[in-house]
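This report refers to the structure that appears directly beneath it.
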Amino acid sequence: MINLEINTDLATTILTGFIRSELNRMGFNRAVLGLSGGIDSALSCYLAARALGPENVLAVRMPYKTSSADSLEHAGLIIDALGVQSLTIPITEMADGLIARFPEMDDMRRGNIMARCRMIVLYDQSAAFNGLVIGTGNKTEILLGYSTLYGDSACAINPLGDLYKTQVRQLSRALGIPSVVVEKAPSADLWAGQTDEGELGFTYAEVDRLLYLLVDQRYTPAECVEAGFSEPFVRAVVRRIQRNQFKRIMPPIAKLSNRTIGYDFLYLRDWGT
Amino acid sequence: MKCKLGLAQINTVLGDPEANLARHLALVEQARQQSVDLLLFPELSLTGYVLQDLVPTVAHRPAADDPLFAPLLEASRQLDLVVGFVDEDSRHRFFISSAYLSGGQVLHVHHKVYLPTYGLFDEGRFFAWGDSVQAFDTRFGRMGMLICEDFWHASPPYLLWLDGADVLLLSSASPGRGLNNSEHLESARWVEHINQAYASLFTCFVAHTNRVGYEDGLHFWGGASLCDPNGEFLARGPYHQEALTIVDMDLNQLHRTRARLPLLRDERTALVQRELNRILSGQNRSSGR
């Protein structure tokens, strides 16, 4: 049986505790995050504000010249609703400095540059605000590799990484995130009219059910087909998960010595705290 | 006879036994003020749980000349204590361990016999497997200690029961997992079900305490509890937060329950032994190791 429904109170307790504990253990009590106007960053912002108090959260809006006006406005709704601190730092100038050198540049390269410019802004604000960067990537996007390495995936901790998009929506509704943010079509907003589901070729609702069987319930691809998913869809998703493993691990280090970071030098990040 | 039991569900500092010792002594003082007779701490309460390469650096010997155990043994003159630690034996094997301290003495040390090494767990990589499950006598009767995965298997509680334990002292550092739409995590529900089941099947007391707090992305859910020999919860600690839960354990309940339900009297241990011998000596055995 596929049931993605979660107990949202329990999820909120665990995730706010996680944000508070892991920041405090690193010696911080403030957080920085990029607020796009979409649901994922809105949810991270709600959880961070609840965990740390709104005065300890800095939400940064980072529009590019092609970003939709709605995005800025929706991010504004979240800032106003929570009373978190905020900044608006356009990335057009910094991104165009590089983009202008390569007139033939395609959308993917431009999108990656924008995502990485935002990362630079956030990590600079991390130092300025004395807060850690809170991630906004969900389990669906991490499994599918639908993110920019060292761009939007860069963060100090990620409270959403074990929630499928469907569960992000459920938790967002439970926490009272404005419905205009929860209901709109997810988009990376890198160019006009772009939507996640248009680019991916399937809906989140659909792929989350498949991912739940493949990953959480350990179904084989053949068993997923037996359970009613189309064979090409299952094959495409399995391939995506496999091809994007590189985005989910630290870069491998070539082993030479008897003790090598990543293989036999093993400590949690919370070491000594 | 009554025993006032304290169930400490605490957070720990990862790899810093001295900091955790201070937390233990503070809890001991809090428990002493409330006339607690026996105070139970979670698994690896003196070290933290996901130790990995920290294991050899946090190991201690449960002895009066050990700087970590000396103050704990001194405290045990006021009330009995069960603490979780890494024991290094004389051959330098490292064990996940629980020590029962009473009247300035180490009454018993249990080495964890089941080391989960699957899924999110990697204990078998860093620790040696304990090789005995034994009950021991205390001033409140005969008891037995088990650590987390030890009681996810049915045999260690059964062995303790046959060895005379009327109180099972269980400690965990149980990472929360299995979030769905029900009120509790799957991992919490599982542990609570089996604790109730052991109390019912063995008509004994089952005390359990579990860590709280986070280590990287893992969280520990707390929820300490005491089940009586009828399988009823006498006390439940809160979830996800530090707490000291105090409950009176009326040991005469053993008499009343076993007068009604003589499962221990009727247990056919010779039959168990015969059948185990037959099963374990068989050539085509497909279970266990």
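The values are calculated or read from the model by the stated rules, or taken from the named source; none is laboratory data. What you are looking at is a predicted structure, and each value in this text was computed from that prediction instead of being measured. Quick reminder, even Gly has a Cβ in these numbers, built from the backbone with ideal geometry, and neighbours come from all protein chains shown.
Listing for the model above:
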| quantity | calculated |
| --- | --- |
| Sole residue being part of a helix (DSSP H, G or I), at pLDDT 95 or above, out of contact with any Phe, Trp or Tyr (no Cβ under 9 Å at 6 or more places or on another chain) and over 27 Å from B:SER187 (Cα atoms), chosen from A:ALA59, A:ALA42 | A:ALA42 |
| Subset of region B:44-67 that is part of a loop (DSSP other than H, G, I, E, B) and within 12 Å of chain A (Cβ to nearest Cβ) - its residue that is surrounded by the most Cβ atoms within 10 Å (Cβ to Cβ) | B:GLY48 |
| Out of B:ARG125, B:ARG139, B:ARG91, sole residue that is surrounded by fewer than 14 Cβ atoms within 10 Å (Cβ to Cβ), modelled with pLDDT of 95 or more and within 14 Å of chain A (Cβ to nearest Cβ) | B:ARG125 |
| Selection count, region B:183-211, where residues are within 14 Å of chain A (Cβ to nearest Cβ) and in contact (Cβ under 8 Å) with a residue 24 or more places away in the chain | 5 |
| Residue check, B:TYR214 modelled with pLDDT of 95 or more and more than 14 Å from chain A (Cβ to nearest Cβ) | no |
| Looking only at region A:249-273, and only at residues there that are of a type in the set (Lys, Arg) and surrounded by fewer than 13 Cβ atoms within 10 Å (Cβ to Cβ), the one that is nearest to the other protein chains (Cβ to nearest Cβ) | A:ARG259 |
| Any hit, region B:68-75, residues being within 14 Å of chain A (Cβ to nearest Cβ), in a helix (DSSP H, G or I) and not charged (D, E, K, R) | no |
| Those residues of region A:107-134 which are in a strand (DSSP E or B) and of a type in the set (Val, Ile, Thr), in sequence order | A:VAL133, A:ILE134 |
| Residue check for A:ASN3: more than 11 Å from every other protein chain (Cβ to nearest Cβ) and farther than 24 Å from A:LEU72 by Cα | no |
| Residue check for A:SER67: polar (S, T, N, Q) and outside any loop (DSSP other than H, G, I, E, B) | no |
| Residue match in region B:24-33 (condition: in a loop (DSSP other than H, G, I, E, B) and in contact with a strand residue (DSSP E or B) (Cβ under 8 Å, 6 or more places away or on another chain)) | no |
| From B:THR257, B:THR245, B:THR269, residue being of a type outside the set (D, E, K, R), within 22 Å of B:LEU159 (Cα to Cα) and buried (at least 19 other Cβ atoms within 10 Å of the Cβ) | B:THR257 |
